[in-house]
Amino acid sequence: MTPEEVFYSLFRSLPRQGPGCSAATKKAFASLPALPDRPNILDVGCGTGAQTRDIARMTRGDLIAVDNHGPFLAAIREWASRDGLGERVCTLRASMDALPFRNEAFDVIWSEGAIDIMGFAKGLAAWKPLCRKGGYLVVSDLTLFQRDPPAELPDFMKAYNVTLRTEEEKAGEIRDTGLLLLSTFRLDEAGWLEHFYDPMAERIAALRAAVGSSPERAAVLDSLEREGGMYRKFRKWYGYTFYVMQRPARN
């Protein structure tokens with residue numbers, strides 16, 4: 001396996017491709033004010049669609065799940081067909097910074113744990129035109145919970161080109177984008193550990209034998225293992241916050 005194949009093999013085998021849980025997805029979706037009877041929903045950076053499935057079960061609407069990795073989308077098509085959701089859930093392979101949709105095509109734009117690939121403010125600015133006026137954007141993103149963290153944490157994040165910002169700072173970015181912040185809540189630790197890093201640790205252990213002595217392949221697993229260790233060490237300082245936003249009717 002190449003290092004890239006090691007990476008995708010691990011993530012494809014996980015129940016989720018990032019921190020999260022059904023309870024958080026359901027809480028965020030339930031917080032949205034009145035939606036059309038059959039809303040059009042876009043899930044950006046969907047992975048294998050754990051949250052896509054939760055949303056599909058809470059609405060009669062149509063969903064488009066977008067990711068740039070074909071096997072993740074194949075997994076969505078498989079469970080959608082198996083669960084009787086194939087007529088309402090479709091997939092599209094595309095980059096999140098070049099989404100091929102007309103303006104105001106969606107009532108809800110959703111993205112859990114993926115917007116940091118583009119950057120929080122940049123992602124919101126790019127996706128806002130795709131949301132109808134009066135529609136909603138819901139994202140979860142890495143957020144600093146306490147100011148002045150130990151230097152080890154921001155130094156670690158720099159390797160991923162991530163600068164941690166507080167909820168107040170992100171609220172300012174939301175305002176600057178012309179969106180209304182309706183509510184926020186933090187993903188609990190179980191969403192990180194029980195639903196993501198614990199299954200990842202088990203899969204890393206299983207893959208160690210498969211990657212053999214290749215330093216490049218082992219480095220992929222080492223990096224992910226360190227990532228989990230950093231969260232366990234600094235979880236009081238950072239995590240995911242869900243941001244529930246609305247595009248104003250006149251903007």
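Between the alpha-carbon centres of the range 148-164 and the range 220-251 there is a gap of 12 Å. Taking every protein chain into account, the accessible area of the chain amounts to 47 square angstrom per residue (probe 1.4 Å). Could you calculate the FRET efficiency of PHE7 with ALA125 from 1/(1 + (r/R0)^6), where r is the beta carbon distance between them and R0 is 35 Å, rounded to 0.05? Once rounded, the FRET efficiency stands at 0.75. Distance between the modelled labels on ALA210 and ASN103, one decimal in nanometres: 4.6 nm (7 Å Cα→Cβ projection). How much of the accessible area of the chain, probe 1.4 Å, is carbon plus sulfur, in whole percent? Answer for the chain: carbon and sulfur cover 48 percent of the accessible area. Near ALA114, the amide H atoms lying under 5 Å from its own belong to SER140; only residues 5 or more places off or on other chains count, and H is placed 1.01 Å from N.
The loop-placed trypsin sites (Lys or Arg not before Pro) in the range 216-251, going by DSSP, that have at most 10 neighbouring Cβ atoms within 10 Å of their Cβ come out as LYS236, ARG250. Assuming charge only on the beta carbon of Lys and Arg (+1) and of Asp and Glu (-1), the dipole of the chain about its Cα centre is about 620 debye to the nearest 20. Mean-square fluctuations from a GNM of the chain, with a 10 angstrom spring cutoff on Cα atoms, peak among GLY20, GLY84, GLY49 at GLY84. Mean residue ellipticity, 222 nm, helices only, the chain: the sum of -39500 (n - 2.57) across DSSP H runs of n ≥ 4, divided by residue count and rounded to 500, is -12500 deg cm²/dmol.
Cα centroid separation, the range 189-218 to the range 88-133: 30 Å.
Can you give the angle from 0 to 90° between the axis of helix 215-234 and the longest principal axis of the chain, with both taken from C-alpha atoms, to the nearest 10? The helix 215-234 is inclined about 60 degrees to the chain. Using only the alpha-carbon atoms, how far is helix 3-12 inclined from the longest principal axis of the chain? Give it as 0 to 90 degrees, nearest 10. Once rounded, the angle reads 60 degrees. Restricting the range 51-118 to GluC sites (Glu not before Pro) that sit in a DSSP loop and have at most 13 other Cβ atoms within 10 Å of their own Cβ leaves GLU87.
Across the chain, the mean sequence separation of Cα contacts (distance under 8 Å, 6 or more residues apart), normalised by length, yields a relative contact order of 25 percent. Against the chain, whose longest principal axis comes from its Cα atoms, helix 198-211 is set at around 50 degrees.
Of the trypsin sites (Lys or Arg not before Pro) found in the range 109-185, those in coil by DSSP whose Cβ has at most 15 other Cβ atoms within 10 Å are ARG147.
The values are calculated or read from the model by the stated rules, or taken from the named source; none is laboratory data. What you are looking at is a predicted structure, and each value in this text was computed from that prediction instead of being measured. Here Cβ is always computed from backbone atoms with ideal geometry, including for glycine, and neighbour counts include all displayed protein chains. Surface areas here come from the heavy atoms of the whole protein model, side chains and all, with no ligands, DNA or RNA. Shrake-Rupley method; radii C 1.70, N 1.55, O 1.52, S 1.80 Å.
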